[in-house]
Amino acid sequence: MIGIAFLAGGAVAWQMHNRNQVSHSSAAVPLTAPQPAVSPEEPKGGGATESKGTPVPSPDAARQSVSTKKTAVVADAGSPLRAGETWQYSANVSKLNDVANLRLKVAEKRNFLGKSAWHLQAFAHTENPLRMVFALDDQFDSYSDAGTLVSMQYEMHLNEKGQTVDSVQRMTAVVREPAPADAIAARVLPGTRDPLGMMQYLRTVDWTKTPEVRSPVYDGHKLYDVHARLEARGASVTVPAGNFDTLKIELRVLDNGAEMKDAHFILYLSNTEARLPVLLEAVMPFATARVELVKAE
C-alpha cells in the first residue's frame, strides 16, 4: 500500500514491505459492486475488518475518532491548492539513492458526484538498480471534497513486478449503502481522507493558529488515525529543488487506537503561503526513506 508513507513518497519503502504481506492477483480486480458488508455490530475482536474489500471501522476506532472530528474536516479558507500544480521527488531508501521517482499533481477542480472536488494524482516508479529486482509503476487518483479534502473516491492502479491491480473505491459512512456499479463501496468513518487528500489537507492548515490536527486516513486497505503536530517553525532544509525555510510536522499513526511505535514520519512544508511539501523523512523497522523535492511546477 502507499500507506502511511503517503505524504509525498515513503511509498516505495512502505510498498516493498507491505507487498510481502499482501498477495497480488495477476489479473485486475473487477470493478464491480461487492455484496453488502456486515454491520459494525457483527465483527468480533479489535481492528478494522473487511468484507469483499469493504473496510469496517472497529468500535475502538470509532470512539477514537469522536474527539478528532472537529479538527478532521475543517480546512483553511485560504487554500493554497491550484489546478495544475505538480511536484517531482526523488526517493532515497536506506543507503540507496534515487531508487524511485515520484510525482504529485493537483490535476483539476471539477464536479464529482454533484459536489465540487479536487482530482489529485500520484505516480511512483522505481529506478535502477532497485528496478531490476522490484519494478514498480503505480498510479493513485483521489477525488476529494474541495472544501475539506475528505475523500469521495480513491483509486489504485498498480503494476508491480509484472502483476497488475486496479481498484476503485467509493467512500461511504452509511451502513449498508449499496456500492455503485463501477466501484467498490468502502465504508469508512465520517471525515476520512485518503493519502493524497491528507497530503493536501495539511497544506491548507493555518499552522499559526492550529498546532495539531487529527484525521482518519484510509489507504485503500486499512483505516488509520493520523495525528499531525507542528514541531518547529523555521527549520532549514536543503533538497535538490533548493534551500527552504520550513514548517516541521511530526506525524503519529495509530492503528486500532494504538500508536505505531516502530514507524516515525516527519514532513517539512515550505514556510510560505503555498506550503509546498519539500521533504518527507520516514523511519521504519525495515528501512529508512528520505523523499526530496526535485522540482515544483
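The values are calculated or read from the model by the stated rules, or taken from the named source; none is laboratory data. From a predicted model like this one, the values you see are computed outputs, not experimental measurements. Reconstructed Cβ throughout: ideal geometry from the backbone, glycine too, with neighbour counts over all protein chains shown. Please note that ligands, DNA and RNA were not included when accessible areas were found on the heavy atoms of the full protein model with its side chains. Shrake-Rupley method; radii C 1.70, N 1.55, O 1.52, S 1.80 Å.
Over region 122-163, average the accessible area per residue using a 1.4 Å probe and give it in Å², no decimals.
37 Å²
Under 9 Å from the Cβ of Ala117, count the other residues' Cβ atoms, weight Lys and Arg +1, Asp and Glu -1, and hand me the total.
Net charge in that neighbourhood comes out at +2.
Enumerate the amide H contacts of Met152 below 5 Å, restricted to partners 5 or more residues apart or on another chain; note that Pro and chain-start residues carry no placed amide H.
It is Tyr143, Ser144, Asp145, by chain and number.
Multiplying the sequence separation of Ser94 and Lys161 by 0.36 nm and subtracting their Cα-Cα distance, what value in nm do you get?
Extra length available between Ser94 and Lys161 comes to 22.0 nm.
Would region 249-297 count as rounded, prolate or oblate if I go by the C-alpha gyration tensor, calling it rounded below 1.5 in a/c and otherwise prolate when a/b exceeds b/c, oblate otherwise?
It comes out oblate by the Cα gyration axes.
7 Å from Cα along Cα→Cβ at both Arg82 and Lys295: what's the point-to-point distance in nm?
Each label point is offset 7 Å from its Cα along the Cβ direction, giving 1.7 nm.
Collect residues whose amide H, placed 1.01 Å from N in the peptide plane, falls under 5 Å from the amide H of Val239; neighbours closer than 5 in sequence don't count.
Residues meeting the amide H criterion: Phe244.
Where the accessible area of region 106-178 is counted over protein heavy atoms with a 1.4 Å probe, how much of it, in %, is carbon and sulfur?
The value for region 106-178 is 50 percent carbon and sulfur by accessible area.
Compute the accessible area per residue over region 182-285, keeping the other protein chains in place, probe 1.4 Å, unit Å².
With the other protein chains kept in place, region 182-285 gives 35 Å² per residue.
Can you send over the carbon and sulfur percentage of the accessible area for region 206-297, probe radius 1.4 Å, protein chains only?
Looking at region 206-297 in its full context, I get 48 percent from C and S.
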